[in-house]
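Working notes, structure below.
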Amino acid sequence: MTPASPRGAAPRLKLTYDDFLLFPDDGKRHELIDGEHYVTPSPNLRHQAISGRLHLLIGAWLRDHPTGQIYYAPLDVIFSRFDVVEPDLLYVSNERAAEILGQYVTGAPDLVIEIGSPSTRRRDETIKRNLYEGSGVTEYWVVDPEIDVIRVYRRSGERFDRPVALSAEAGDVLTTSLLLGLEIPLSQVFAG
């Protein structure tokens with residue numbers, strides 16, 4: 001069924017995962033959200049440095065506390081035939097692994113981390129947040145490299161609570177009930 005259209009406008013055709021598989025392998029991030037195609041340029045150096053630091057910090061902790069796996073982009077996360085995204089980082093607990101891990105991730109990871117940029121900030125905080133919330137992601141971290149802040153959305157029932165904003169300037173340390181004992185000083189995430 002096609003979504004309703006304003007009077008006189010042609011109905012919008014929703015793209016599916018089959019269409020997604022035909023997108024070019026051009027080094028850009030291609031995602032489908034509610035059947036709409038989004039393209040993002042490859043990330044800049046600061047983005048990659050932050051992503052690498054988070055991956056190393058969480059990965060080192062998981063080496064000593066093997067409760068699950070951390071993955072980094074590019075990796076498809078398939079929520080439905082109309083929703084396929086490529087988060088910067090994601091964590092899947094051992095308890096959920098058999099249910100959602102295969103060739104790709106099919107279903108909601110426990111934790112999704114998106115590192116914002118001027119071109120993705122609005123989408124990360126609205127469209128993607130709504131997708132992750134509605135799909136059952138337990139925690140969603142939005143990293144803002146421009147102001148050295150991480151906004152943490154935590155699930156409470158069917159919805160995310162208001163985000164908790166942590167900042168490097170305040171000396172904040174990020175913790176999560178998903179990885180009990182992990183402490184991530186924001187000064188290390190945003191170093192350099």
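Are there any pairs with C-beta distances below 6 angstrom linking a residue in the range 31-53 that is touching a residue at least 12 places away in the same chain (Cβ under 8 Å) to a residue that is among the small types (Gly, Ala, Ser), with the two at least 6 apart or on different chains, and if so which?
Note: pairs meeting the criteria are 42/27.
From (1) within 18 Å of residue 136 (Cβ to Cβ); (2) modelled with pLDDT of 95 or more, pick out the condition that doesn't hold for residue 67.
That leaves (1) as the condition not met.
Would you mind stating whether residue 92 is among the aliphatic types (A, V, I, L, M) and open to solvent by 60 Å² or more (accessible area, probe 1.4 Å)?
No; evaluated as a whole, the condition is false for this residue.
Against the conditions (1) open to solvent by 40 Å² or more (accessible area, probe 1.4 Å); (2) under 17 Å from the mean Cα position of the chain (by Cα), where does residue 128 fall short? Just the number, please.
(1)
Quick check on the range 77-89: of everything there that is touching a helix residue (DSSP H, G or I) at 6+ places or on another chain (Cβ under 8 Å) and closer than 12 Å to residue 104 by Cα, which residue is most open to solvent (accessible area, probe 1.4 Å)?
Restricting to residues being touching a helix residue (DSSP H, G or I) at 6+ places or on another chain (Cβ under 8 Å) and closer than 12 Å to residue 104 by Cα, the top hit is 79.
Just to be sure I understand, how many residues within the range 156-192 are open to solvent by 70 Å² or more (accessible area, probe 1.4 Å) and either modelled with pLDDT under 95 or charged (D, E, K, R) (or both)?
7
Filter the range 131-148 down to the residues that are free of Cβ contacts under 8 Å to residues at least 40 places away in the same chain, of a type in the set (A, V, I, L, M) and buried (at least 20 other Cβ atoms within 10 Å of the Cβ) and list them by number.
Across the range 131-148, the qualifying residues are 137, 142.
Of all residues in the range 131-144, how many are under 22 Å from residue 28 (Cβ atoms) and either basic (Lys, Arg) or over 12 Å from the mean Cα position of the chain (by Cα) (or both)?
Qualifying residue count, the range 131-144: 1.
At least 3 residues that are under 13 Å from the mean Cα position of the chain (by Cα) and closer than 14 Å to residue 179 by Cβ in each: list the strands (runs of 3 or more DSSP E) lying fully within the range 1-114 that qualify.
89-93
With the condition kept exactly as written, say whether any residue in the range 15-25 is closer than 22 Å to residue 149 by Cα and open to solvent by less than 80 Å² (accessible area, probe 1.4 Å).
No, the range 15-25 contains no residue that is closer than 22 Å to residue 149 by Cα and open to solvent by less than 80 Å² (accessible area, probe 1.4 Å).
The values are calculated or read from the model by the stated rules, or taken from the named source; none is laboratory data. Predicted, not measured: the structure shown is a model, and the values here were computed from it. All Cβ positions, glycine included, derive from the backbone under ideal geometry; neighbour counts span all protein chains shown. The accessibility values were calculated without ligands, DNA or RNA, using every heavy atom of the protein model including side chains. Shrake-Rupley method; radii C 1.70, N 1.55, O 1.52, S 1.80 Å.
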